[in-house]
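Worksheet: one structure, shown below.
The values are calculated or read from the model by the stated rules, or taken from the named source; none is laboratory data. Note that the structure is predicted; figures quoted are calculated from it, not measured. Every residue, glycine among them, receives a Cβ derived from its backbone with ideal geometry; neighbour counts consider all protein chains shown. Accessible surface is based on the protein model in full, side chains and every heavy atom, while ligands, DNA and RNA are left aside. Shrake-Rupley method; radii C 1.70, N 1.55, O 1.52, S 1.80 Å.
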Amino acid sequence: MRKDLVSIILVNYNSTQYLIDAVKSIHKQCTDVDYEIIVVDNASPDNGSVLLRKTFGDKITLIENTENVGFGGANNVGYKASQGEYVFFLNPDTLLLNNAISIFLDFMKMHKEDKIGGIGTILSDAQGQPINSYGDFITCDSVIKSYRKQKYKEKLSFNDEAFSVDFITGADLFTTRSVLEEVGLFDTRFFMYCEEVDLQKRMADAGYNRMIIPKARILHYDGGSYTKTQKRSARRRLEYGRSQIVYIKKHYSILSYFLFRLRFAFYRLPAVFNPYYSLKDNLNYLKLLLF
């Protein structure tokens, strides 16, 4: 571990051009911090590793996975290659709009005695509007309500006051090596979705706070790895539901999990007849609901 070094870890899956812009924004904005950039390519079909090497050379550490091991799994690979006392998990489809890393680092140093597990900021979209940046921990009821269109969405706004949250989205999670060594890395049972919620639930269980620091400004394109069509893919639908089920099973009692599975199957059964997806895709979703 190198004291005061920030290890910035980005996972690339078919989002190479976004990632190149993200790395360039780090070089531009991060002027007074000792940092390393680790890019983990998750077997991207766009063959982005060649372009990344050509663009950055030895300015980044590039790790090429031979298969897609998921978001959390790839971040774990990056972490194991890192050297910093501080670790910043950053999505590839982001841009630093100010010296956010320095702001995060200064905050962590100033609050070393406050047992803070992770910090992030209120992200903005390409139009400068605040977007999904944090949330409440997943519960049996919240999962069901989200499918019943009853989920309350808080209106976000930028301000200068730091505040506590249940979890920070995985797009910009700044933490420390000591916290990760204590609570563990990402659980690879979550291929995508809910992995950052699970990690920060373990932080909370260990007594660590999570906070939003709005002074840091980061743009998030939100889904840069996927086209509009892919965002509605059967794989993403399946993985989202599977991750929710894994989370409930991990963090709740057997009885709560059993009752949740019954309710989940009841409310999601109509999705099995969604004409947008193929018969095979809908059958796979039915298997998820029943088994």
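On the given criteria, is ILE168 touching a Lys or Arg at 6+ places or on another chain (Cβ under 8 Å) and either among the β-branched types (Val, Ile, Thr) or surrounded by 14 or more Cβ atoms within 10 Å (Cβ to Cβ) (or both)? Taking the combined requirement at face value, the residue satisfies it.
Among the residues of the range 1-16, just one is in contact with a helix residue (DSSP H, G or I) (Cβ under 8 Å, 6 or more places away or on another chain) and open to solvent by 80 Å² or more (accessible area, probe 1.4 Å), namely MET1. Checking each residue in the range 267-291 for being under 13 Å from ILE245 (Cβ atoms) and without any contact (Cβ under 8 Å) to a residue 12 or more places away in the chain picks out LYS287, PHE291. Considering the range 216-235, and only residues there that are farther than 17 Å from THR169 by Cα and either at pLDDT 95 or above or not in a loop (DSSP other than H, G, I, E, B) (or both), the residue that is least open to solvent (accessible area, probe 1.4 Å) turns out to be ALA234.
So is TYR276 farther than 30 Å from ASN98 by Cα, surrounded by fewer than 20 Cβ atoms within 10 Å (Cβ to Cβ) and in contact with a Lys or Arg (Cβ under 6 Å, 6 or more places away or on another chain) or not? No; evaluated as a whole, the condition is false for this residue. Counting only strands (runs of 3 or more DSSP E) that fall entirely inside the range 20-115 and contain at least 2 residues that are under 28 Å from ILE213 (Cβ atoms) and not acidic (Asp, Glu), the qualifying elements are 35-41, 84-90, 94-96. Considering (1) within 28 Å of LEU5 (Cα to Cα); (2) part of a helix (DSSP H, G or I), the lone condition that ARG210 does not fulfil carries the number (2).
Within the range 52-105, being without any contact (Cβ under 8 Å) to a residue 40 or more places away in the chain, β-branched (Val, Ile, Thr) and under 27 Å from CYS194 (Cβ atoms) holds for ILE63, THR66, VAL77. A single entry from ILE26, ILE8 fulfils the requirement of being more than 20 Å from GLU195 (Cα to Cα), at pLDDT 95 or above and of a type in the set (Val, Ile, Thr): ILE26.
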